[in-house]
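Worksheet for the structure shown next.
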Amino acid sequence: MADTRGPREPLGTNHLVTAARSAGTYCQSVPLVPNNGKLHIDLDGPSAVADLVEAARVIDPLKAATHFGTESRVVADIEDHLFFLSATNPGWFAPFRDEAVIELSDRLPMNVDVAANLLGGCSEVAVDAVMERLRTAPESWRDLSTLVGIGSESALSALADHVRREPPSGEWVNRLGVHVPTSGQAVRRFAPERTSMHAVESGTDGVTGLALDAVAADADEITWHYLSFDVSAAPGLPNWPHQALHLVSPRTYWFTLHSGVADDGRYTGAIVDDQGEPFDVGLEDCEANPRSSTGLLLRPYDADLTYRNGHIFMTPGVVGTAGGAPIGLDPTPNCPGCNVLMFHGAAIESRDYGEGFRSVFYCEQCVRVAVTGSNWN
Ligand SMILES: [Zn+2]
């Protein structure tokens, strides 16, 4: 999720842009903001999706793989288009699923939760094609996330067998939010359904900026509250027996925080792993000036969000996301109670109390939570 925002390139010199324009679909007002400005197709119907796939087909795969130059920028823009499509009309992608997996996975790139919304229903032939590629590149992030995205019984069984055969690939599968038991198929520990969290005065699905004693029964380690939200307002998330799940932080930028949960839903007995390197620049100043509290409204992803650079955080008023796959910068925490990967609950981009991503995970069986924090990658 590297942020490669830069000056917009002049448009019109690229044949794909020209093709899109001649099809009458170029530069209409849509909430999709491709990061590189090289390709912009208004995804207003199935034929526009066909145009998008055709744009991928005509790209020279060798040039796309160089990670510089026009082709790779077009591919990055295609990724933003697929992200938007996955949230708005994933069904329109159905005719292209197998081709996307078998022939075009390098030119139709997608994050794992985009894949989980676009690739469900792929054929066995597609699963076999991915497994064939993994035989030569066992740790291919793209192929591992494609299997997770397909998500069928055969895909998740093949994935689990692969990880047991090639243990180093397990680290990547962990970051994709997938649990691999000692036997049986892999288990996605995230919901494909994605929900945006909007700061609104009257929102009742959650709240930001609470006093610490409202969310922590013993606040020795917990020094900041970002937000709390009602898990039942985010489709796809497993039940949580309390009113809210809290996204909190210890006084450092990079960490994994594990905590039990008291009967009243507040966190208790939090333990922080900062890998021995607490980094707390500016955090005590921040604590001295806490933010005012605001309500949250949760909404399924829709066409009104800004889809750019693989996330929606540039949408005005959006403070976080619930559901979807974990960001993947940190290992997904294991539950210390049952040793199953914890379920991804929500993520934010912090810009005040430490900079970077903060994610909350939980075990619905043991009623335990974990929060991870990492600086911008
Ligand atoms: Zn557990």
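Laboratory data are not the source of any read-out in this text; all were calculated from the coordinates shown. As the structure is a computational prediction, the values presented were derived from the model and not from experiment. No Cβ is skipped: glycine too gets one built from the backbone with ideal geometry, and neighbour counts run over all protein chains shown.
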> more than 22 Å from D274 (Cβ to Cβ), surrounded by fewer than 24 Cβ atoms within 10 Å (Cβ to Cβ) and more than 16 Å from the ligand (Cβ to nearest atom): does that describe V367?
Replying inline: no
> Hey, among the residues in the stretch 158-178 that are outside any helix (DSSP H, G or I) and surrounded by fewer than 21 Cβ atoms within 10 Å (Cβ to Cβ), which one's nearest to the chain's Cα centre (by Cα)?
Replying inline: P168
>> For the stretch 198-229, which positions are farther than 25 Å from T268 by Cβ and assigned to a strand (DSSP E or B)?
In response: H198, A199, V200
> In the stretch 306-341, how many are within 16 Å of the ligand (Cβ to nearest atom), in a strand (DSSP E or B) and either of a type in the set (D, E) or surrounded by fewer than 21 Cβ atoms within 10 Å (Cβ to Cβ) (or both)?
Replying inline: 1
>> Just checking, does the stretch 180-192 include any residue being touching a Phe, Trp or Tyr at 6+ places or on another chain (Cβ under 7 Å), assigned to a strand (DSSP E or B), closer than 27 Å to M110 by Cβ and not charged (D, E, K, R)?
In response: no
> Regarding D280, is this residue over 19 Å from N339 (Cα atoms), in contact (Cβ under 8 Å) with a residue 12 or more places away in the chain and touching a Lys or Arg at 6+ places or on another chain (Cβ under 6 Å)?
Replying inline: yes
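What are the residues in the stretch 344-364 that are hydroxyl-bearing (S, T, Y) and away from the ligand (no atom under 16 Å from the Cβ), if any? Talk me through it step by step, then tell me what you get.
Let us first name the residues in the stretch 344-364 that are hydroxyl-bearing (S, T, Y), namely 350, 353, 359, 362.
Passing the criteria: S350, Y353, S359.
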>> Among the residues of the stretch 266-275, are any closer than 30 Å to S169 by Cα, surrounded by fewer than 16 Cβ atoms within 10 Å (Cβ to Cβ) and more than 16 Å from the ligand (Cβ to nearest atom)?
In response: yes
